[in-house]
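Only one structure is covered here, and it is reproduced in the block below.
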Amino acid sequence: METSQTQVGNASVFALKGRLDSKTSEAFEQQLLEAVKTGPQKVLLDFSQLDYISSAGLRVLLLATRALQEKEGKMALCGLKPGLKNVFDIAGFSQFFPLYASLEEATTQFVKQ
Amino acid sequence: MNEISVVLKNEVEEIERLSEIVNEFGSEHNLSEEFVYAVNLALDEILTNTISYGYLDKEAHEITVTLRVQGNELAAEVIDDARAFDPLSAPKADVNLPLEQRNVGGLGIHLARTLMDEMTYRREQDKNVLIMKKRIAS
C-alpha cells in the first residue's frame, strides 16, 4: 500500500492506495497515530484509490479515531468504493465517521469547517 | 475450469497472492466485483486468524484453498493443520456498540460469516476443514 500525507488547511489528509490489510496495517497504524498525536485535530482519509480493507485496517481506524476524540479531534473518510462501503456497513463502522463521496466534498464540508 | 486449488504458506503475505488468484477466478466466472470482494475478505479474515494464532510452532505449514463453482454457488474451502479452531464457535462481535465500547476482536470472523451465506467446519485427520459458500445471484 502507498500512502501520502498532506496538510490541507487545519487537517492532515492521508491518501491511501492499494490494500489496507493484515500485511500493511501495522505501518499505517504507526503513521496515523503519530499524525494524530502531533498533528492537527482533523484527519481526513482519502480512500478513493483504496481497493481493499479488512478487519486489520478497520482496527487502525478505530484506534486512531479514539485517540483523536481524546484530544477533541475528528476523523472523516472520503471516496469509499462500493465494496469498502459495504464492509463499513456490516462492521457497523459507517456510524463512526462522517463519510463523504469525494475529496472535494470532504474539503468543503469537513476540512474547511 | 470450475475448480482451482492453491497451496499457501503460513505467511500473511500469501493472502495478497491468493486474492489475485481469486480475482482471476472471479472474472473467468463473471462474478461481480462486490461478490469477489466478499470472497476475498472472508478468506483473508479466516487465513489471517489461522496464520497469526493457529500455529504453536515456528515451522512452515501448508494451507490449501480450493475455489469451486457448483451450480449457482461458489464454495471456498480452507484446509490447514493449525490447532483446532471452529470459527462458528467464536463469540459474536456486537457491531451495534458505540465507538467507545467497540472491540475489534471477533470482527473478522463476523465479516466472513456475514459476507458468506453458509459456513461449515469439521476437524478431520488433525486438520481444520472449513467450507464457506456464497450464492451467485443470477
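Mind listing just one residue for me: the one in the stretch B:74-95 that is more than 9 Å from every other protein chain (Cβ to nearest Cβ), assigned to a loop (DSSP other than H, G, I, E, B) and closer than 24 Å to B:ASN40 by Cβ and, of those, modelled with the lowest pLDDT?
Here the answer is B:LYS92.
Report yes if A:GLY18 is small (Gly, Ala, Ser), over 12 Å from the mean Cα position of the chain (by Cα) and farther than 26 Å from B:ILE109 by Cβ, otherwise no.
no
Which one of A:LYS112, A:LYS23 is away from chain B (no Cβ under 14 Å), farther than 23 Å from B:GLU100 by Cβ and of a type in the set (D, E, K, R)?
A:LYS112
If you check A:GLY57, A:GLY83, which single one turns out to be assigned to a helix (DSSP H, G or I) and under 12 Å from the mean Cα position of the chain (by Cα)?
Just a single option satisfies the conditions, and that option is A:GLY57.
Output the residues belonging to the stretch A:59-109 that are more than 9 Å from chain B (Cβ to nearest Cβ), aliphatic (A, V, I, L, M) and under 27 Å from B:ALA38 (Cβ atoms).
A:VAL60, A:LEU61, A:ALA64, A:MET75, A:ALA76, A:LEU77, A:LEU80, A:LEU99, A:ALA101, A:LEU103, A:ALA106
Quick check: anything in the stretch B:96-112 part of a strand (DSSP E or B) and either away from chain A (no Cβ under 14 Å) or without any contact (Cβ under 8 Å) to a residue 12 or more places away in the chain (or both)?
Within the stretch B:96-112, none of the residues are part of a strand (DSSP E or B) and either away from chain A (no Cβ under 14 Å) or without any contact (Cβ under 8 Å) to a residue 12 or more places away in the chain (or both).
Considering only the stretch A:22-54, how many residues are assigned to a helix (DSSP H, G or I), in contact (Cβ under 8 Å) with a residue 12 or more places away in the chain and farther than 19 Å from B:GLU14 by Cα?
So the answer is 8.
Can you tell me how many residues within the stretch B:30-47 are among the β-branched types (Val, Ile, Thr) and either within 10 Å of chain A (Cβ to nearest Cβ) or farther than 24 Å from B:LEU88 by Cβ (or both)?
Total satisfying the criteria: 1.
Taking B:LYS134 as the residue in question, decide whether it is of a type in the set (Lys, Arg) and surrounded by fewer than 16 Cβ atoms within 10 Å (Cβ to Cβ).
no
Select, from B:LEU43, B:LEU18, B:LEU8, the only residue that is under 14 Å from B:ILE63 (Cβ atoms), within 13 Å of the chain's Cα centre (by Cα) and not in a helix (DSSP H, G or I).
B:LEU8
Checking B:LYS58 against (1) outside any helix (DSSP H, G or I); (2) modelled with pLDDT of 95 or more: exactly one of these is not met. Which one?
(2)
Enumerate the pairs (first residue in the stretch B:40-69 and free of Cβ contacts under 8 Å to residues at least 24 places away in the same chain; second residue anywhere and buried (at least 16 other Cβ atoms within 10 Å of the Cβ) and assigned to a strand (DSSP E or B)) with beta-carbon separation below 9 Å, excluding pairs fewer than 6 apart on the same chain, so at least 6 apart or on different chains.
Note: pairs meeting the criteria are B:ASN40/A:TYR52.
Does the stretch B:113-138 hold any residues that are assigned to a loop (DSSP other than H, G, I, E, B) and either touching a Gly at 6+ places or on another chain (Cβ under 9 Å) or aromatic (Phe, Trp, Tyr) (or both), and which are they?
Across the stretch B:113-138, the qualifying residue is only B:ILE136.
Can you tell me which residue in the stretch B:53-76 is farthest from A:VAL87 (Cα to Cα), limited to those that are surrounded by fewer than 13 Cβ atoms within 10 Å (Cβ to Cβ) and of a type in the set (S, T, N, Q)?
B:GLN70
The values are calculated or read from the model by the stated rules, or taken from the named source; none is laboratory data. Bear in mind the structure is a predicted one, so any value in this text is a computation, not a measurement. When we count neighbours, we look across all protein chains shown, and the Cβ atoms used for this are built from the backbone with ideal geometry, even at glycine.
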